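The values are calculated or read from the model by the stated rules, or taken from the named source; none is laboratory data. Note that the coordinates shown come from a computational prediction; the quantities given were computed from them, not determined experimentally. Reconstructed Cβ throughout: ideal geometry from the backbone, glycine too, with neighbour counts over all protein chains shown. Heads up: the accessible areas ignore ligands, DNA and RNA and are worked out on the full protein's heavy atoms, side chains in. Shrake-Rupley method; radii C 1.70, N 1.55, O 1.52, S 1.80 Å.
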Amino acid sequence: MAKPSVAAHTGIHRAKIWQIGGFALNNTATNLYLFFMNYIAYYLTGFIGVGVVVASSLITTMRVWDGVTDPFIGYAVDKTNSRFGKNRPFMVIGQLILFSFSFLMVHFTHKVPQGGRFAVFIIFYMIYIIGYTFQCVVTKSAQTCLTNDPKQRPVFTIFDGIYNTILFAAMPVVVASWLLPKNGNMFTEGFFHEFWLVTASISAIFTIIAIISISSKDRMEFFGLGKAVKVGFRDYWEVLSNNRAIQMLVISASTDKLALTTQANATVSIMIYGIVCGNFAMSGAIASYTAIPTFLMLLFGVGYIARYLGQKKAMLFGTYGGLITSALIIALFYILDPTTLSFPGFPGFTGWNAFTILYLILFLLFKGFSGVSGNIVIPMTADCADYEVYRSKKYVPGLMGTLFSFVDKLISSLGTTIVGLMCAAIGFSSQLPTVDTPVTPKLKAVALFCMFGLIIIGLLCNLAAMRFYPLTKEKMEEIQNEIARIKAKAAKE
């Protein structure tokens, strides 16, 4: 008879630090494609020949399609227990689809006759999204088998936050200081080819590392109650109706995601830095200057607050801080002159000034606070899955991850549409604003609302949802103790 594992005796299992850090790259791998697709509206208007509103609406529609596929892929994850594990097959298939169909979208579509380009692009995009969902769902579903130690689980957020901070600091520099200038500040065929090459190669490397990191933990003994439990679609409705934790987390995180998706939109960045501030290179500069301080704030917010006071308090810490700094940044753009924004080492530096110093301080605080509230969501999803095991004895990490993604994507899909409609409302109905567009009061107001105004609305929704979120630090300790008791009883039997 096989010797019972440590998990069977205690119910608590932990991962090695390198496993947590390596697996966190799975999320970074998909975020690389997410950043790449922020520029796809320029491909649509420049190569496919569609208007701004149509391009924005298509991206929104595809995000809805993305959400619709989520429950079915989540169900497939919950039903999968293969010799290669529950999660790794979805990582491999997802990455292969992302690699292939992102290539076809920007290398092949514009070579199709004009009348068929739009239809071909839609087909490629729909398949690409299925691959994106395949790999994304694992980031959340595998959290429960990676570790269930309440103090260790937030460590994933530290690594994830570090990687995303580096990613979203480096990629704007790559685009603004290398790819665009190299292609005459135009979104040319060469721009999209080189952008795809960088994205696809790094994403593939990160995925391989993530697969290696999760391999020893992707086994049934680390799932739920340590045994297979049959789950059908009928059970899903019962879970959705009664798991208050996932309900509140979805409301909180999806409204945040809408705001952050809108803020990350390439057009918004161009309007803020290229037009309002008058120097698009500043988008890369601010990301570079705030990367390390942002990480330090994330380390404190997650490394201390989440690990020792609970993930709910870490979420509230980030929410209150984000609200205050967002409001102050909007005021700063009207009180001082944003065209004086400049940093050493970047074109246009004219010396330190009041706007640059204050914006740098406020923006790095904002990034730190929003990094805590945004990144803590992934391990909180794992808490919701454990809560369901405790509540109903059902282990459905795929459902938890894809339910979260389903609502998250439906709401965040509005981000591109919001940008497109607001731009159209101030006169940009056929072409999006570019770095050569002159600034106007209306454009400035639209840019600031998309950049920071929606964030304030999303964070207010956070506060409301967290009032009813039941999983405090003390509750999670109770849940893990109960799961340990059930596993110990099963081991004896």
State all residues of the range 342-373 that are open to solvent by 60 Å² or more (accessible area, probe 1.4 Å), at negative phi and in contact (Cβ under 8 Å) with a residue 60 or more places away in the chain; if no residue qualifies, say none.
-> 347, 367
Those residues of the range 149-165 which are in a helix (DSSP H, G or I) and either acidic (Asp, Glu) or over 30 Å from residue 437 (Cα atoms) (or both), in sequence order | 155, 156, 157, 158, 159, 160, 161, 162, 163, 164
Mind checking whether some residue in the range 140-163 is of a type outside the set (Val, Ile, Thr), in contact (Cβ under 8 Å) with a residue 12 or more places away in the chain, under 28 Å from residue 55 (Cβ atoms) and open to solvent by less than 30 Å² (accessible area, probe 1.4 Å)?
-> no
With the condition kept exactly as written, say whether any residue in the range 14-21 is open to solvent by 50 Å² or more (accessible area, probe 1.4 Å), under 17 Å from residue 214 (Cβ atoms) and either modelled with pLDDT under 75 or of a type in the set (A, V, I, L, M, F, W, C) (or both).
-> yes
Checklist (1) at pLDDT 85 or above; (2) surrounded by fewer than 24 Cβ atoms within 10 Å (Cβ to Cβ) applied to residue 133, failing item | (2)
Give the residue, chosen from 88, 83, 117, that is in contact (Cβ under 8 Å) with a residue 40 or more places away in the chain, open to solvent by 30 Å² or more (accessible area, probe 1.4 Å) and closer than 27 Å to residue 394 by Cβ.
-> 88
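Identify all residues within the range 317-328 that are surrounded by fewer than 19 Cβ atoms within 10 Å (Cβ to Cβ) and among the aliphatic types (A, V, I, L, M); write none if there are none. Walk me through how you get there before you give the answer.
From the range 317-328, those surrounded by fewer than 19 Cβ atoms within 10 Å (Cβ to Cβ) are 320, 324, 327-328; that's our starting set.
Of everything in the range 317-328, those that are surrounded by fewer than 19 Cβ atoms within 10 Å (Cβ to Cβ) and among the aliphatic types (A, V, I, L, M) turn out to be 324, 327, 328.
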For the range 259-272, indicate whether the set of residues that are open to solvent by less than 30 Å² (accessible area, probe 1.4 Å), of a type in the set (Val, Ile, Thr), modelled with pLDDT under 80 and over 20 Å from residue 377 (Cβ atoms) is non-empty.
-> no
Odd one out for residue 127 among (1) farther than 17 Å from residue 382 by Cβ; (2) open to solvent by less than 50 Å² (accessible area, probe 1.4 Å) = (2)
Would you say residue 170 is in contact with a helix residue (DSSP H, G or I) (Cβ under 8 Å, 6 or more places away or on another chain) and not aromatic (Phe, Trp, Tyr)?
-> yes
Among the residues of the range 219-247, the number that are under 23 Å from the mean Cα position of the chain (by Cα) and modelled with pLDDT under 80 is 1
Reported set for the range 166-197 where residues are in contact with a Gly (Cβ under 7 Å, 6 or more places away or on another chain) and either assigned to a helix (DSSP H, G or I) or in contact (Cβ under 8 Å) with a residue 40 or more places away in the chain (or both) is 172, 173, 176, 177, 187
Kindly provide the set of residues from the range 321-330 that are over 19 Å from residue 356 (Cβ atoms) and either within 20 Å of the chain's Cα centre (by Cα) or outside any helix (DSSP H, G or I) (or both), ordered by number.
-> 321, 322, 323
Residue that is farthest from residue 39 (Cα to Cα) [pool: residues in the range 400-423 that are open to solvent by less than 10 Å² (accessible area, probe 1.4 Å) and modelled with pLDDT of 70 or more] = 400
